[in-house]
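Written below as C-alpha cells is the structure these notes are about.
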C-alpha cells in the first residue's frame, strides 16, 4: 500500500517536472536508468527518488541554460557550470518563483520556504555528482555515449559531520514525559525502546510485523535496504513494552492484525512522517534542546556498542550496512569519547 502511494507521488512529481523538459529523448533514458536501478538492481525507494530528483534537475538545466539535447554534446565544462549554478543566486530566485509550479516529493513533505532557499550544501552537491556519475556510467554501458565524462567531476571536500546522539539524561527525560496510561503512549514508549536498543531505521520499524519478532529470544528479523534481511536484538525494557502494547492493541482495536506492529490511533500503519513528528513532540516536551529524530537513536545504538568494545564488523552486521565505510563514521566519535575519558581519568594525561 505504502509503495503504491510512493510510486504515485513519484509519478506525479515526474510529470510536473517534465513539463519543463521538452526533449523526450533525455527523459526517456532517465526512465530507463531508474527502471534498471529499481527493478534489476533492487535499489530502495529513497535511492530511486533521489536519483530522479537530481537527474531531472540536471536535464532542466541542460535545456534552459546549455541548449544541449544530446548526451554526446556534454563536456566537462557542462558539469562544472551546473555545479556553479546550483549555488548561484539565480537558482535561489528561480526556486522561489517556481515554488507553486514545480514541487518535488521532498517539498511536498516539507513546505518550509526558508529550507528550500538555502544554498545547497557540499554534501548535497556530492550526492548529485554521485547520481550523475552512476547515470552516465549506465549510458556508457548501453552504448549511448563513448566516454563517461561525469567520472572526472571533482567532488567538493567537506568535513564529515559527527553523528547526533542522545545522552542518557535526555533519554530518561524523554521516557518520563510519555503518558503510558494511553495506548498511544505505550506505543511511543515501545518505539523509543526499540529504536534505542535495536538500531532500526525508521522505515524498518514501521514495516515490522509481529511475525518478524521473537519476543522470548528478543530477536527481530529486519528487512532493510535492497530487501536485505538481517537479525538484530532488543532490550528487556523493549520486551516489556512490546508485550504490553500487543495486549492493548488486541483489546482496543477491532481491526487488530499481526501484519503490522506499530499503528496509529485508528489501528492503521504508522507513517515515517508521523513517527518523526511524535518523537519530535516528546523531545520538545522533555525540554531537549537539540533536534531528536528516529535516526538519532540509531546513531546512539551504534555509539553505545562501540564504546563498550563491540568490533566494528559486528556493528556493521547489526546496522545492516552494505559497506563498512558507512559504519566507520562512528569510530571517529568513539575515539573522541575515549579521549575525553582518558583526559579526565589518567593521572599523567595533562602533564
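The values are calculated or read from the model by the stated rules, or taken from the named source; none is laboratory data. The structure displayed is predicted, hence computed values, not measured ones. Cβ sites come from the backbone with ideal geometry, for glycine too, and all protein chains shown count toward neighbours.
Checking the condition surrounded by fewer than 21 Cβ atoms within 10 Å (Cβ to Cβ), touching a residue at least 12 places away in the same chain (Cβ under 8 Å), out of contact with any strand residue (DSSP E or B) (no Cβ under 9 Å at 6 or more places or on another chain) and over 30 Å from residue 77 (Cα atoms), which residue from 134, 184 passes?
On the way: 134 fails: over 30 Å from residue 77 (Cα atoms).
Result of the check over 134, 184: 184.
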Criterion (surrounded by fewer than 18 Cβ atoms within 10 Å (Cβ to Cβ), within 26 Å of residue 325 (Cβ to Cβ) and out of contact with any strand residue (DSSP E or B) (no Cβ under 7 Å at 6 or more places or on another chain)) met by exactly one of 307, 237 = 307
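So that you can scan it fast, the table gives a plain yes or no per residue for (1) modelled with pLDDT of 85 or more; (2) within 25 Å of residue 142 (Cβ to Cβ):
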| position | (1), (2) |
| --- | --- |
| 69 | no, yes |
| 72 | no, yes |
| 75 | yes, yes |
| 79 | yes, yes |
| 86 | no, no |
| 98 | no, no |
| 107 | no, no |
| 116 | no, no |
| 125 | yes, no |
Filter the stretch 42-74 for residues that are within 19 Å of the chain's Cα centre (by Cα) and not in a helix (DSSP H, G or I); the one that is surrounded by the most Cβ atoms within 10 Å (Cβ to Cβ) is 43
Turns out the helices (runs of 4 or more DSSP H) fully within the stretch 213-325 with at least 2 residues that are under 21 Å from the mean Cα position of the chain (by Cα) and either touching a residue at least 24 places away in the same chain (Cβ under 8 Å) or not assigned by TED's automatic domain parsing to the domain that holds residue 178 (or both) are 272-285, 294-307, 312-319
May I ask you to verify whether residue 190 is at pLDDT 95 or above, under 23 Å from residue 315 (Cβ atoms) and surrounded by 19 or more Cβ atoms within 10 Å (Cβ to Cβ)?
-> no
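For the structure I just gave you, tell me whether residue 206 is in the same structural domain as residue 306 (by TED's automatic domain parsing) and either out of contact with any strand residue (DSSP E or B) (no Cβ under 6 Å at 6 or more places or on another chain) or in contact (Cβ under 8 Å) with a residue 60 or more places away in the chain (or both). Spell out the reasoning first.
Numbers: in the same structural domain as residue 306 (by TED's automatic domain parsing): yes; either out of contact with any strand residue (DSSP E or B) (no Cβ under 6 Å at 6 or more places or on another chain) or in contact (Cβ under 8 Å) with a residue 60 or more places away in the chain (or both): yes.
Here the answer is yes, as residue 206 does meet what is asked.
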The stretch 200-230 - residue that is loosely packed, with under 14 Cβ neighbours inside 10 Å and within 20 Å of residue 302 (Cα to Cα) and, of those, modelled with the highest pLDDT | 229
Note: among 144, 165, just one is closer than 25 Å to residue 32 by Cβ and either modelled with pLDDT of 75 or more or surrounded by 16 or more Cβ atoms within 10 Å (Cβ to Cβ) (or both), namely 144
Among (1) under 14 Å from residue 199 (Cβ atoms); (2) at pLDDT 90 or above; (3) in contact with a helix residue (DSSP H, G or I) (Cβ under 9 Å, 6 or more places away or on another chain), the one test that residue 321 misses = (2)
